[in-house]
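Some notes on the structure that comes next.
The values are calculated or read from the model by the stated rules, or taken from the named source; none is laboratory data. Everything numeric here is computed off the predicted structure, so don't read it as measured data. Don't worry about glycine lacking a Cβ; one is built from the backbone with ideal geometry, like all the others, and counts go over all protein chains shown. All accessible areas refer to the heavy atoms of the entire protein, side chains included, with ligands and DNA or RNA removed. Shrake-Rupley method; radii C 1.70, N 1.55, O 1.52, S 1.80 Å.
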Amino acid sequence: MKGNVLVGQSGGPTAVINSSLAGVFKTAMDRGFNKVYGMRYGIQGFLDEQYVDLSKYVKNELDLELLKRTPSAFLGTCRYKLPAIHEDKEVYEKIFHLLDKMDIEVLIYIGGNDSMDTIQKLSDYAILTGAKQRFIGCPKTIDNDLALTDHTPGYGSAAKYIGTSTKEVIRDCLGFSYKKKNVTVIEVMGRNAGWLTGATALSKAEDCDGPDLIYLPEIPFDIEKFSKKVETLLKKKDIVVAAVSEGIKNKEGKYICEFSAGSSTKDAFGHIQMTGTAAYLANYIHEKLGCKTRSVEFSTLQRSASHLASRIDINEAFMVGGAAIKAADEGLSGMMVVIDRLSDDPYQSTTGVYDVHRIANGEKVVPREWINKDGDYVTDEFVSYLKPLIQGDYTPMMVDGLPRHLTMNTKGYKDLYKVFNE
């Protein structure tokens, strides 16, 4: 008889992260694993022996479909950096003691760059000690910055939300454009990679001109050049909309948010907390040009708007969860599942696996050729790459006019079952 599976979620959640969890659960059950346990709050919670039996919450196909439509991390997440093996062996001894105690055969960790660091360290420790467990990374990040994979689950849905919301912000601006000069700065997530900010270009269509300027962190940001661009545009039109990554930096390498509300607080991985880039730039333009300005920060809505999830994204998230189990069941360890694009028209993709050592702590940025010469917009190649990933919808399960989600509180689902059994 096969042993048990342990699955965890780590880092910033996405609108489709639970679809990967659903893929892990269903495939593990189909392949004859005994139980699927879920870490509560990632590896950090597991160290405190926080885990659940997922079969208590996913009891039927309706629960599975509900899980796929639930935003945020169903199991809870964390930002916890495992120490290097030589720095603290006791941490690893505790983890592997718990794995043995629970008869864990396979550990799947759903996450981004930092989560793959965890998979790398655990698989390395298993090799050093001859442990029986196998470790597979399952990709997840709206930032789309994982190496070797064409794209990451979560990115398509976040891009769809960003493109849609940018269109709506532009419409709002146009409503107040009569004899008024107005500049709006939209702030989009993205520390060092501009994949999300570039998605604002999706708003450009027959019914919308899209943003006037797009600034990605791959290109050093010149605030004076930005101000002059805005001033020139305002001579030709009444509203200007600029989209900026939260992580844009000047040529000296200092984040723009650090000039204002950006925090110097750092997380376990050394990342500073980012906020206030758009607000700083909006205030700068107001003081410099004297026009009305507004800042809009999409913030956590980018990663939690499951009501606007891409069907392609949901399906691929489920696919990589299943592929992680298959890889482990076939004896692989220390690997991460990747998505390989087979064609754009019609769009087709499949999964592959790569050594996690080639992925962990790396960062895939937007190619320079996908950013225009002036560094203030993305090219048609960028949009062509992205468009297939936002296609299709995944209708939420609505109860009393609002989406219903799966939670750890098992009470209160009678009304849902009633709606879908009628």
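Couple of notes before you dig in:
- The sole residue among 121, 180 that is over 18 Å from residue 309 (Cα atoms) and in a loop (DSSP other than H, G, I, E, B) is 180.
Residue by residue, here is whether (1) modelled with pLDDT under 95; (2) closer than 18 Å to residue 248 by Cβ; (3) aliphatic (A, V, I, L, M) holds:
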{"site": "155", "(1), (2), (3)": "no, no, no"}
{"site": "165", "(1), (2), (3)": "no, no, no"}
{"site": "168", "(1), (2), (3)": "no, no, no"}
{"site": "174", "(1), (2), (3)": "yes, no, yes"}
{"site": "177", "(1), (2), (3)": "yes, no, no"}
{"site": "185", "(1), (2), (3)": "no, yes, yes"}
{"site": "189", "(1), (2), (3)": "no, yes, yes"}
{"site": "192", "(1), (2), (3)": "yes, yes, no"}
{"site": "204", "(1), (2), (3)": "no, no, no"}
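- Only one of the numbered conditions (1) open to solvent by 40 Å² or more (accessible area, probe 1.4 Å); (2) assigned to a loop (DSSP other than H, G, I, E, B); (3) closer than 27 Å to residue 114 by Cα is not met by residue 360, and that is (1).
- When residues of region 340-357 are limited to those that are more than 23 Å from residue 388 (Cα to Cα) and open to solvent by 50 Å² or more (accessible area, probe 1.4 Å), the one modelled with the lowest pLDDT: 357
- Of all the criteria given as (1) open to solvent by 30 Å² or more (accessible area, probe 1.4 Å); (2) touching a strand residue (DSSP E or B) at 6+ places or on another chain (Cβ under 6 Å), the one not satisfied by residue 201 is (1).
- Consider region 366-394 and keep the residues that are aromatic (Phe, Trp, Tyr) and in a helix (DSSP H, G or I). The one that is least open to solvent (accessible area, probe 1.4 Å) is 382.
Residues checked against (1) buried (at least 20 other Cβ atoms within 10 Å of the Cβ); (2) under 15 Å from the mean Cα position of the chain (by Cα); (3) in contact (Cβ under 8 Å) with a residue 12 or more places away in the chain:
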| position | (1), (2), (3) |
| --- | --- |
| 132 | no, no, yes |
| 149 | yes, yes, yes |
| 161 | yes, yes, yes |
| 166 | yes, no, yes |
| 192 | no, yes, yes |
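- The single condition among (1) more than 30 Å from residue 233 (Cα to Cα); (2) open to solvent by 50 Å² or more (accessible area, probe 1.4 Å); (3) hydrophobic (A, V, I, L, M, F, W, C) that residue 337 does not meet is (2).
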